1. Name the single residue, out of those in the range 265-274 being in contact (Cβ under 8 Å) with a residue 24 or more places away in the chain and either buried (at least 20 other Cβ atoms within 10 Å of the Cβ) or hydrophobic (A, V, I, L, M, F, W, C) (or both), that is nearest to ALA228 (Cα to Cα).
2. Restricting attention to the range 205-242, and to residues there that are in contact with a Gly (Cβ under 8 Å, 6 or more places away or on another chain) and assigned to a loop (DSSP other than H, G, I, E, B), which single residue is farthest from GLY125 (Cα to Cα)?
3. Condition first: open to solvent by 10 Å² or more (accessible area, probe 1.4 Å) and of a type outside the set (Phe, Trp, Tyr). Now tell me which residues in the range 178-202 satisfy that.
4. Given GLY78, GLY100, which one is buried (at least 16 other Cβ atoms within 10 Å of the Cβ) and over 26 Å from PRO210 (Cβ atoms)?
5. Going residue by residue through the range 139-148, is there one that turns out to be closer than 20 Å to GLY6 by Cα, among the β-branched types (Val, Ile, Thr), in contact (Cβ under 8 Å) with a residue 24 or more places away in the chain and crowded, with 18+ Cβ neighbours inside 10 Å?
6. Restricting to the range 234-249, name every residue that is of a type outside the set (D, E, K, R) and in contact (Cβ under 8 Å) with a residue 24 or more places away in the chain.
7. Mind listing just one residue for me: the one in the range 103-120 that is of a type in the set (A, V, I, L, M) and surrounded by fewer than 16 Cβ atoms within 10 Å (Cβ to Cβ) and, of those, farthest from LEU155 (Cα to Cα)?
8. If I go through the range 234-247 residue by residue, how many of them are open to solvent by less than 30 Å² (accessible area, probe 1.4 Å) and in contact with a Leu (Cβ under 6 Å, 6 or more places away or on another chain)?
Amino acid sequence: MSQERGQGFLLDLPAVKNDLPFSPDLLTRLFRLTGEEGLSPLEAIAAAVAEDQGLSARLLALANSAFYGLQSQVGTVGRAVAVLGLREVRSLVLALGMRGLAGARPLPPGFAFTPYLAHQLAVAGAARGLARITAAMDPDDAFTAGLLHDLGKLLTALYRPEDWQAQAALAAAEGLPWHEAEERHWGLDHGLIGGMVLRSWNLPESLTEPVNWHHAPLAAPGRPLPCALTSLADALAREATDTPQPGIAPDPALAARLGLSLDAARQCVKAALAERDTAALAAALA
């Protein structure tokens, strides 16, 4: 019965985009405008975001938060794009999308959104740091994949709270990693859930695959290095922020796949997380 519930949830996932706090078409446009060719003018990005006044206001609040520590106030979306960069703005829009989803429905008891978001941001920072010293993936894409890696957990809590609570109880009772409790409960994990939703939003494979496979990176049929990087960033961010989870520890084999020693990867992540106060951005989004 639980596996039937899981399969039914997968069929319902494309409808999640209807609960985003902005038009789903905006994400498609942003990713097209900030594609690999990078030829779109700043004005086009700013215009796409500025069409939604509520989104623009929230984006400006984030740009002026302590996370960025800018020397002067950012007063327009165009200025935010120019100062922060195209892909940074894209990531912030996605973060605001997650925040909007979390506000659309009640979360079950035990799911704390701010710590959840703080972990997402820590993994994002860790992933970007690792990407900067490897050739595994673009650093900005690494940040976005890290930011979204546990999206499936949030979606389960929002849209299937009884199943989330059952998974939480199973993980606690048997000391299981969350993804293993999910597999036991309904035969799929949050990586698959998140990856499928992001694909329904027309996000590129360079982001959907690391999200989908971050708990089984060596089994990924494509893009194994980005998947390995996201998985390692997850474990190292937990270690660095003292938020351990049973069964999740930094894997020397993943570091080796990226051409790093585990110690080098640890030092990189520690430096990346010290570079910016992710708690400040989590607080601004909460």
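1. ALA265
2. Per the criteria, the residue is ALA216.
3. The answer is HIS179, GLU180, GLU183, ARG184, HIS185, GLY187, ASP189, LEU192, MET196, ARG199, SER200, ASN202.
4. Testing whether each residue is buried (at least 16 other Cβ atoms within 10 Å of the Cβ) and over 26 Å from PRO210 (Cβ atoms) leaves just GLY78.
5. no
6. Result: LEU236, ALA237, ALA240, THR241, THR243, GLN245, PRO246, GLY247, ILE248.
7. In this case the residue turns out to be ALA112.
8. Here the count works out to 0.
The values are calculated or read from the model by the stated rules, or taken from the named source; none is laboratory data. Just so it is clear, the model here is predicted, and its values are computed rather than measured. Neighbour counts run over all protein chains shown; Cβ positions are idealised from the backbone, glycine included. Side chains are part of the model used for accessible areas, which takes the heavy atoms of the whole protein and leaves out ligands, DNA and RNA. Shrake-Rupley method; radii C 1.70, N 1.55, O 1.52, S 1.80 Å.
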